[in-house]
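Working notes, structure below.
The values are calculated or read from the model by the stated rules, or taken from the named source; none is laboratory data. Because the structure is a prediction, the values reported are computed rather than measured. All Cβ positions, even for glycine, are placed from backbone atoms using ideal geometry, and neighbour counts span all protein chains on display.
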Amino acid sequence: MKERIRKAVFPAGGLGTRFLPATKVIPKEMLALVDKPILQYGVEEAIASGIEHIIIVTGRGKSAMEDHFDVSYELDAMLKQKGKTELLAVSRGVSSMARISYVRQKEPLGLGHAVLCARELVGNEPFAVVLPDDVIDAEPPCLKQMIDVFDERAGSVLATMTIEGPGISAYGVLAGEQDTTNPRIYNCTGMVEKPKFEEAPSKQAIIGRYVLTPRIFALLEQTKPGAGGEIQLTDGLKALAREEKVFGYTFEGKRYDVGDKFGMLRATVEFALKRPEFAEKFREYLKGLEL
Ligand code: G1P
């Protein structure tokens, strides 16, 4: 089995309650990290990893995402008329970035349900899932690293990172053994969504990047509501691990949970410090603060 990963599903139907009041009207995926909506970071990562077709699972009140990736005729015409060629290139670049399809998740029934909504657009081929809340700074991109593992091992791949202490309870947690030849790979035997600290099967937290075989769809269809009364992707993956090879992969790179207010603050400071146009000025400003 060596099928190319061409499609990536972006679940973006959630309500974003962790970021109220900013997300009362604005979809959390459209919140800016420095100057770019967080959704665009994920889309750029997917494209840089070889993905050709982006599938965004949207919900009520989320049409700003579609407008963002569409042509903004009035804006482009105005920028052209004023001779603002660099900004015009930025605006046009966003609208010609990728082939993007949208599907509505009519009710927020959980992450597993959101992925299932993309079934018809994905079809019967392996695919990626990107949770836009998790912005990952990595070179090569996290998803590319995972696709390489998928190609080599011919099994589904879940991104993981080591979390020490009770913080692990905020994640899906992997059960399994570290691979003997590659310490970044775990041979997954099961997993638990948001376990109590004492019950976590390992320190390997699942992060929002997945490369999955299409078998997951049939399994999600049979998945009953789990943690928080939601149809959990983790529960579908647990069933997948009983039937097929599933690997955890400790990616190289740094992950930011930008769906969380503190996570967004950290990412804002660190991403701003990497931007050549104002890194120096910003560093000087931070140094001058009385902390
Ligand atoms: C989701 C998944 C969880 C995973 C996490 C990573 O949870 O259900 O398994 O560990 O994303 O960000 P959420 O953060 O949406 O509650």
Can you go through PHE262, PHE278 and tell me which one is within 26 Å of ALA138 (Cβ to Cβ) and modelled with pLDDT under 95? PHE278
Conditions (1) within 16 Å of the ligand (Cβ to nearest atom); (2) modelled with pLDDT of 95 or more; (3) over 21 Å from the mean Cα position of the chain (by Cα) -> GLY229 fails only (2)
Mind checking which pairs have a first residue in segment 109-123 that is part of a loop (DSSP other than H, G, I, E, B) and a second that is among the acidic types (Asp, Glu), Cβ under 7 Å, 6 or more apart or different chains? LEU109/GLU230; GLY110/GLU230
Of the residues ALA227, ALA272, ALA200, which single one is buried (at least 17 other Cβ atoms within 10 Å of the Cβ) and under 30 Å from LEU33 (Cα atoms)? ALA272
Extreme residue, nearest to ALA227 (Cα to Cα), among residues of segment 119-173 that are small (Gly, Ala, Ser) and more than 16 Å from the ligand (Cβ to nearest atom): GLY155
Among the candidates PRO126, PRO166, single out the residue that is modelled with pLDDT of 95 or more and exposed (fewer than 14 other Cβ atoms within 10 Å of the Cβ). PRO166
Reported set for segment 177-202 where residues are within 21 Å of the chain's Cα centre (by Cα), more than 13 Å from the ligand (Cβ to nearest atom) and over 15 Å from SER156 (Cβ atoms) is ARG184
What are the residues in segment 236-259 that are more than 9 Å from the ligand (Cβ to nearest atom) and either among the small types (Gly, Ala, Ser) or at pLDDT below 95 (or both), if any? GLY236, ALA239, ALA241, GLY248, GLY253
Residues being in contact with a Phe, Trp or Tyr (Cβ under 9 Å, 6 or more places away or on another chain) and hydroxyl-bearing (Ser, Thr, Tyr): count how many of those fall in segment 165-208. 3
Under the condition of being of a type in the set (Phe, Trp, Tyr) and touching a strand residue (DSSP E or B) at 6+ places or on another chain (Cβ under 8 Å), which residue from segment 22-79 is nearest to ALA267 (Cα to Cα)? TYR41
Residue in segment 208-216 that is farther than 30 Å from ARG4 by Cβ, of a type outside the set (Asp, Glu) and within 15 Å of the ligand (Cβ to nearest atom) present: no
If you check every pair at least six apart or on different chains, which have Cβ atoms under 7 Å apart with a residue in segment 163-187 that is over 19 Å from TYR210 (Cα atoms) first and a residue that is hydrophobic (A, V, I, L, M, F, W, C) and exposed (fewer than 12 other Cβ atoms within 10 Å of the Cβ) second? PRO166/PHE197; SER169/PHE197
